[in-house]
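Worksheet: the structure to be examined is printed underneath.
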Amino acid sequence: MSILDWHVAERPREKLLSVGASALSDAELLAIFLRTGAAGRSAVDMARDMLLQTGGLRALFDREPQDLVQIKGLGPAKSAQLLAILEMARRYLSADLQQRPVLASPKATRDFLQLRLAGRPREVFCALFLDAQNRMLAFEELFEGTIDGAPVYPREVVRRVIQHNAAAVIFAHNHPSGIAEPSQADHRITDRLQQALALIDVRVLDHLVVGAGVSVSFAESGWL
């Protein structure tokens, strides 16, 4: 049955406009993006199959570009559109962090880092460089490693902090395993970075470890 044969209140697009996007399921949201189904199958049916095939909405978004085009129902055009949507979301959250103090919007910070880091196949160590009002000056991926670690060089971090004239910094890295629990190595490098930056009067406000849909904050856990 076509979506056009559904009751108006049940059609995803009309439902979104009447009660808001948060009321829609993942499949309904994806169906709006897909726009059309196939012979004898609605866009919602196709969206449900796609989510089952990939393991859910986050797993779909975490796919590499070359893998997206292989998913039945996407192809090059829709894969490009999906990647564009993700990049717009990243830029929206980045702009939000630049306009107000990062510590005043912890959810935006976590959402931004989730979009940047969750699902990456290798560990990536990043930094948010902040001004004296804790607004983001820049975000950089500083080091990339393997599936279970990334080398971090305090000297290079200090150099980048000075180049950005940052007054504070928030570190973040992902765990490709999806488990956000910090390792002993994570604690050790955080201590080393904090000590190195204290010598130039730069504060380490937090270190977030990003997993699958969740992140652990050193600051909130009392480790800083």
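The values are calculated or read from the model by the stated rules, or taken from the named source; none is laboratory data. Predicted, not measured: the structure shown is a model, and the values here were computed from it. Positions of Cβ are backbone-derived with ideal geometry, glycine not excepted, and every protein chain shown enters the neighbour counts.
Restricting attention to region 192-209, which residues are among the small types (Gly, Ala, Ser) and buried (at least 16 other Cβ atoms within 10 Å of the Cβ)? Break it down into steps so the answer makes sense when it comes.
Keep residues of region 192-209 that are among the small types (Gly, Ala, Ser), which gives 196, 198.
Hit for region 192-209 is ALA196, nothing else.
Within the set of pairs 6+ apart or on separate chains, which have a first residue in region 53-71 that is in contact (Cβ under 8 Å) with a residue 40 or more places away in the chain and aromatic (Phe, Trp, Tyr), a second that is surrounded by fewer than 16 Cβ atoms within 10 Å (Cβ to Cβ) and in a helix (DSSP H, G or I), and C-beta atoms under 7 Å apart?
Final answer for the pair search is PHE61/LEU86.
Considering only region 161-175, I want to know if a residue exists there that is closer than 30 Å to GLY55 by Cα, part of a helix (DSSP H, G or I) and in contact with a strand residue (DSSP E or B) (Cβ under 8 Å, 6 or more places away or on another chain).
The initial filter retains those residues of region 161-175 that are closer than 30 Å to GLY55 by Cα, namely 171-175.
This time we only want the ones that are part of a helix (DSSP H, G or I), so: none.
No, that holds for no residue.
Taking region 156-179, which residues are farther than 19 Å from VAL209 by Cα and either in contact (Cβ under 8 Å) with a residue 12 or more places away in the chain or in contact with an Asp or Glu (Cβ under 8 Å, 6 or more places away or on another chain) (or both)? First the steps, then the outcome.
In the first step, residues of region 156-179 are kept if they are farther than 19 Å from VAL209 by Cα; the result is 156, 158-167.
Listed by number, the residues that qualify are GLU156, VAL158, ARG160, VAL161, ILE162, HIS164, ASN165, ALA166, ALA167.
Tally up the residues in region 185-207 that are assigned to a loop (DSSP other than H, G, I, E, B) and aliphatic (A, V, I, L, M), please. Spell out the reasoning first.
Taking region 185-207 first, the residues assigned to a loop (DSSP other than H, G, I, E, B) are 199-202.
With the extra rule that they be aliphatic (A, V, I, L, M), the set shrinks to 199-200, 202.
Residues in region 185-207 being assigned to a loop (DSSP other than H, G, I, E, B) and aliphatic (A, V, I, L, M): 3 in total.
Quick grid of which residues meet (1) over 18 Å from GLN114 (Cα atoms); (2) in the same structural domain as ARG135 (by TED's automatic domain parsing); (3) not charged (D, E, K, R):
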| position | (1), (2), (3) |
| --- | --- |
| ALA167 | yes, yes, yes |
| ILE170 | no, yes, yes |
| ASN174 | no, yes, yes |
| SER177 | no, yes, yes |
| HIS187 | yes, yes, yes |
| LEU193 | yes, yes, yes |
| ARG203 | yes, yes, no |
| ASP206 | no, yes, no |
| LEU224 | yes, no, yes |
